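As structure tokens, the structure follows; a few thoughts come after it.
The values are calculated or read from the model by the stated rules, or taken from the named source; none is laboratory data. The structure presented is a predicted model; accordingly, all values stated were derived computationally and were not measured. FYI the Cβ positions are ideal-geometry reconstructions off the backbone, even for glycines, and counts take in every protein chain you see. When the accessible area is computed, the model is the full protein with side chains, heavy atoms only, and any ligands, DNA or RNA have been set aside. Shrake-Rupley method; radii C 1.70, N 1.55, O 1.52, S 1.80 Å.
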Amino acid sequence: MRIVAGRLKGRRIAAPEGTEIRPTSDRARESLFNILAHNPQLGAGEHGAPIRDAIVLDAFAGSGALGFEALSRGAAHAIFLDNEFQALRSIKANAETLGELANVTILKADATRPPMVSREAGRTASLVFLDPPYGKGLAAPALVALAAAGWIAPDAIVSVEVGPGETGPRENFAAPEGFVLIDARRYGKATITLLRYEG
């Protein structure tokens with residue numbers, strides 16, 4: 001995988017070993033960031049919003065590709081959450097290779113049962129990426145848990161990727177209370193849904 005655009009354009013991102021990690025494809029990632037950069041419903045065009053200077057939360061982070069792509073395009077800081085050792089090791093290695101260690105926080109955590117945000121951290125996210133394992137129905141519970149734990153700022157933009165279900169061709173995802181649908185698009189087997197958190 002490579003960073004698609006921005007100051008790190010063309011730089012490689014290593015994916016963790018194993019079959020549990022399924023990175024968002026370069027094409028879907030490029031399309032997602034084009035929407036973030038140009039859709040006026042997301043505040044696009046207003047001083048580079050919603051990406052520029054954002055605090056980004058990349059939950060179920062895997063390789064960290066979404067968070068690193070956001071950093072490349074002007075985000076201020078990326079927080080990576082994952083509960084898999086291989087993923088955390090890969091994210092740290094990618095941060096070192098890209099020279100981004102100072103701009104990231106890497107946490108071993110289950111996004112469906114995250115720790116409360118500490119006052120010292122002071123890093124509630126204005127841009128959130130959720131790319132949970134397909135077919136397990138984790139997206140909505142994770143959003144509820146992350147919001148309750150203080151990880152998601154009011155008016156934050158949230159991207160949720162879901163794919164094939166365990167018992168059918170499409171995993172069902174409905175925005176939890178407090179999250180408002182803005183856009184939804186299919187990319188092959190995946191559906192990416194954009195939401196705004198109203199708290």
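Computed from label points 7 Å out along Cα-Cβ, the spacing between A184 and K9 is 3.3 nm. Note on E17/K108: beta-carbon distance plugged into 1/(1 + (r/R0)^6) with R0 of 25 Å gives a FRET efficiency of 0.90.
The apolar share of the surface of the chain, taken as the fraction of accessible area on carbon and sulfur atoms (1.4 Å probe, ligands and nucleic acids excluded), comes to 50 percent. When each of the peptides 5-13, 155-163 is scored by the mean number of other C-beta atoms lying within 10 Å of its residues, the order from highest to lowest reads 155-163, 5-13. The candidates H77, H38, arranged from most to least accessible area with a 1.4 Å probe in the full protein assembly, appear as H38, H77.
Length, then width, then depth: along the principal axes, the Cα atoms of segment 61-101 run 28, 17, 12 Å. Binning all Cα-Cα separations of segment 95-157 at 10 Å, short to long from zero, yields these whole-percent fractions: 19, 47, 29, 4. Placing +1 on each Lys and Arg Cβ and -1 on each Asp and Glu Cβ, with no other charges, gives the chain a dipole about its Cα centre of roughly 460 debye. Per residue, the chain exposes 48 Å² of solvent-accessible protein surface, assessed with a 1.4 angstrom probe and all protein chains in place. Estimated from helical segments only, the mean residue ellipticity of the chain at 222 nm is -7000 deg cm²/dmol, where each DSSP H run of four or more residues counts as -39500 (n - 2.57). Peptides 93-105, 56-68 ranked from most to least packed by the mean count of surrounding Cβ atoms within 10 Å: 56-68, 93-105. The mean sequence distance of close C-alpha pairs (under 8 Å, at least 6 residues apart), as a share of the length of the chain, puts its relative contact order at 17 percent. For volume of the Cα convex hull per residue in Å³, the candidate list reads [x] 118; [y] 108; [z] 172; the entry that matches the value derived from this model is [y]. Each of H38 and Q86 was given a label point 7 Å from its Cα along the Cα-to-Cβ line. The distance between the two points is 3.6 nm.
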